[in-house]
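Got a structure for you, questions after.
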Amino acid sequence: MCLAVTSLVIIDDHEALREGLATLLDQSGLEVLGTAGNAAAGEDLVAVTHPDVAIVDVRLPDESGIDLVGRLLRRQGDLGVILYTGDTEAELLYEGLDSGARGYALKAGSIGELTGAIETIAGGGSYVDPRLDRVLLSPRATERMPQLSPREREIMALMAEGMTGEAVAVKLGLSVETIRTHVRNAVRKLRARNRVNAIAIALERGEIALGEQEAE
């Protein structure tokens, strides 16, 4: 039985970078369906190829890559978009994460990091380069994040105490899949890389606290 290969497109105005990236990602076992050098060509490329993931440079010559994200998602709702940039400017990060993109990768990262980010996004997860944690945990960033629901806080607090998803399901009388759905929602809301990162952010924000379940 063959596993499906993750397909992607690259939208970046630097020809040498995008073509070199395409070669490296192809060699990593991913399927690069095409590349584009501006937003208009990128939108057409996505419409024709229907990739799993689109890597989009934040700064494109004809418009912002962040503005392009919304149109790509209206065209293909299940598309996983990774914004790709050399900038660590806080405002760009906020705008990018508000655009609907599920990933934010820095060009300073390795090809292995980008490959991992692509697979995470293709699997329905989210990814933010760990070098951006300092920005994400700043007061301004946390003020912009949506709050967790009471149930999400309850589940994340139990997991912060070391409980597995299965154990939480038994304790709360819910299905394991329901627990996983709440965890995925919490990860998305907190713009975290994974469950562990989401717990760390929730603790940092004060949305959950160690020992609060026992206190109740």
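With point charges of +1 on the Cβ of Lys and Arg and -1 on the Cβ of Asp and Glu, referenced to the Cα centre of the chain, which listed residue (97, 35, 68) lies farthest in the positive direction of the dipole?
Among 97, 35, 68, the one farthest towards the positive end of the dipole of the chain is 97.
Could you give me the ³J(HN,Hα) list for the range 60-72, computed from phi with Karplus coefficients 6.51, -1.76, 1.60 and θ = phi - 60°, whole Hz, x at Gly and Pro?
For the range 60-72, the Karplus-derived couplings read 10, x, 9, 5, 5, x, 5, 5, 5, 3, x, 5, 4 Hz, x marking Gly and Pro.
Still on this structure, I have one more. Tell me the label-point distance for the pair residue 177, residue 28, using the 7 Å Cα-to-Cβ offset, in nm and rounded to one decimal.
3.2 nm
Next question. Report ³J(HN,Hα) in whole Hz for each residue of the range 192-200, in order, from the Karplus equation J = 6.51 cos²θ - 1.76 cosθ + 1.60 where θ = phi - 60°; Gly and Pro get x.
8, 7, 6, 4, 4, 5, 5, 4, 4
State whether the range 145-215 is rounded, prolate or oblate according to the following rule on the C-alpha gyration tensor (a ≥ b ≥ c being the square roots of its eigenvalues): a/c under 1.5 gives rounded; otherwise a/b larger than b/c gives prolate, and the remaining case gives oblate. Could the numbers behind the result be given before it?
Values: a/c = 1.72, a/b = 1.21, b/c = 1.41.
Note, shape of the range 145-215 comes out oblate.
I've got another one for you. Listed highest first by mean packing, meaning other Cβ atoms within 10 Å per residue, what order do 101-113, 170-182, 6-18 come in? The partial results should precede the final answer.
Working: 101-113: 17.8, 170-182: 14.5, 6-18: 19.5.
Listed from highest to lowest mean packing, they are 6-18, 101-113, 170-182.
Still on this model: Whose amide H sits under 5 Å from the amide H of residue 128, counting only residues 5 or more places off or on another chain, with H placed in the peptide plane?
104, 193
Using alpha-carbon positions, what is the distance between the centroids of the range 175-203 and the range 27-82, in Å?
26 Å
Let me ask something additional. Per-residue HN-Hα couplings for the range 167-184, Karplus 6.51 cos²θ - 1.76 cosθ + 1.60 at θ = phi - 60°, whole Hz, x for Gly and Pro?
Using θ = phi - 60°, the values come out as 5, 5, 4, 5, 4, 9, x, 10, 7, 4, 5, 5, 4, 4, 4, 5, 5, 4 Hz.
Whose amide H sits under 5 Å from the amide H of residue 208, counting only residues 5 or more places off or on another chain, with H placed in the peptide plane?
203
So what's the net charge close to residue 75: Lys and Arg +1, Asp and Glu -1, counting the other residues with Cβ under 15 Å from its Cβ? Provide the component values of the computation, followed by the final result.
On the way: positive: 71, 74; negative: 43, 44, 52, 67, 78.
Once all neighbours under 15 Å are counted, the net charge is -3.
Take the alpha carbon gyration tensor of the range 7-134, find the square roots of its eigenvalues, order them as a ≥ b ≥ c, and report rounded if a/c is under 1.5; if not, report prolate when a/b exceeds b/c, else oblate.
On the way: a/c = 1.24, a/b = 1.07, b/c = 1.16.
Since a/c stays below 1.5, the shape of the range 7-134 is classed as rounded.
For the chain, with a Gaussian network of springs between Cα atoms less than 10 Å apart, report the residue from 27, 147, 76 with the top mean-square fluctuation.
Of 27, 147, 76, the most mobile in the Gaussian network model is 27.
Sticking with this one: Taking the Cα centre of the chain as origin, work out the dipole magnitude from +1 charges on Lys and Arg Cβ and -1 charges on Asp and Glu Cβ, in debye rounded to 20.
On the way: 22 positive and 34 negative charges, 113 e Å.
For the chain, the charge dipole is close to 540 debye.
Is the chain rounded, prolate or oblate when judged by the Cα gyration tensor, a ≥ b ≥ c being the square roots of its eigenvalues, rounded requiring a/c under 1.5 and prolate requiring a/b larger than b/c? Walk me through the numbers before you get to the answer.
On the way: a/c = 2.32, a/b = 1.74, b/c = 1.33.
Note, shape of the chain comes out prolate.
If the only charges are +1 at each Lys and Arg Cβ and -1 at each Asp and Glu Cβ, what is the size of the charge dipole of the range 145-215 around the Cα centre, to the nearest 20 debye?
Working: 11 positive and 9 negative charges, 88 e Å.
It comes to approximately 420 debye.
Quick one: among 125, 42, 77, which has the greatest mean-square fluctuation in a GNM of the chain with alpha-carbon springs under 10 angstrom?
Looking only at 125, 42, 77, the biggest GNM fluctuation is shown by 77.
Collect residues whose amide H, placed 1.01 Å from N in the peptide plane, falls under 5 Å from the amide H of residue 59; neighbours closer than 5 in sequence don't count.
65
Between 47, 186, 22, which gets the highest mean-square fluctuation from a Gaussian network model of the chain, Cα cutoff 10 Å?
Between 47, 186, 22, it is 47 that shows the largest mean-square fluctuation.
Rule-based calculations on the coordinates, nothing more; no lab input. Computed from a prediction, not measured in an experiment: that's the story for all the values here. Virtual Cβ from ideal backbone geometry, glycine too; neighbours counted across all protein chains shown.
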